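Written below as structure tokens is the structure these notes are about.
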Amino acid sequence: MYTHKPVAKSVGIQPKIMYYGTPVILLNTLNEDGTTNISPLSSSWCLGEYLILGIGVGGKAFENLQRTGECVINIPNPDLWENVERLAPFTGKKEVPDYKRQLGYTFKKDKFSACGLTPISSIKVEPDRIEQCPIQIEAVVKNMTVPSYSDDFAIVETQKVMIHAHEDIICGNHVNPQKWSPLIYNFRHYFGLGCELGKTFRSET
């Protein structure tokens, strides 16, 4: 007969962040001079061919999306966690917002050299893709909303226009989940679909 395992008692907590295990994406947007900015994000989800992103309004990605309406959503695998973390303390805004400066962020123009990743031309949008990311999604912005209850972030609705995937993770026209694992951001620590790989510079645990 099946018996339930004991359930731990729940207690109220007040964590500073709520990233309870979400995929990491590297969002590429186009700067004014035609170069590509890279922004690590941990807030995204899909509805059919639409990808919904949560983006801070004080960052370069938001500024670029407002101007161009195009992006590339690069999805790294766990092997790239250190490259992602190299981007973490940088912003693409030359005038670093006060709140970011207080958190230790500094300006970095060339994000590709900062993280050791390689640009590759996109087909249908202007920002470059990231060659090492196993999945790269070219997308256009359909709607951007700054909610009335908070002016810290925007909800960005995008639509995919082209998807690229490394040959070693696909089976025909599909991604093979037995060969693909996303990089997961779990309360400021990096995971694959298994053991912990490392943690971000702002982790408190």
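A few notes on this one:
- Partner aspartates and glutamates whose Cα lies under 17 Å from the Cα of K93, excluding those fewer than 8 positions away in the same chain, are identified as E32, D33, E63, D110, D152.
- Span from the segment 136-161 Cα centroid across to the segment 3-61 one, whole angstrom: 12 Å
- ³J(HN,Hα) computed for each position of segment 27-42 - Karplus, 6.51 cos²θ - 1.76 cosθ + 1.60, integer Hz, glycine/proline x: 8, 9, 10, 9, 6, 4, 8, x, 7, 10, 9, 10, 10, x, 10, 10
- Debye intensity ratio in log₁₀ form over the Cα atoms of segment 85-203, taken at each q of 0.24 Å⁻¹: -1.34
- Within straight-line cross-link reach of K160, lysines at Cα separation under 18 Å, skipping those fewer than 8 residues along the same chain: K124, K142
- At q = 0.11, 0.13 Å⁻¹ the log10 of I(q)/I(0) for the chain amounts to -0.53, -0.74, computed by Debye summation with a single uniform scatterer per C-alpha, solvent ignored.
- Computed Kirkwood radius, in angstrom, where 1/r is averaged over Cα pairs of segment 48-88: 12.3 Å
- Relative contact order of segment 21-198, defined on C-alpha pairs under 8 angstrom at six or more residues apart (%): 26 percent
- Selection of chymotrypsin sites (Phe, Trp or Tyr not before Pro), segment 122-205, meeting DSSP coil and at most 13 other Cβ within 10 Å: Y149, F201
- With θ taken as phi - 60° and the Karplus curve 6.51 cos²θ - 1.76 cosθ + 1.60 applied, the whole-hertz 3J(HN,Hα) list for segment 66-74 is 4, 7, 10, x, 10, 6, 10, 9, 9 Hz, x standing for glycine and proline.
- Restricting attention to segment 21-198, close to 95% of DSSP beta bridges with both partner residues there are antiparallel.
Laboratory data are not the source of any read-out in this text; all were calculated from the coordinates shown. Model, not experiment: these values are computed from the prediction. Cβ coordinates were reconstructed from backbone atoms using ideal geometry, including for glycine residues, and neighbour counts include every protein chain displayed.
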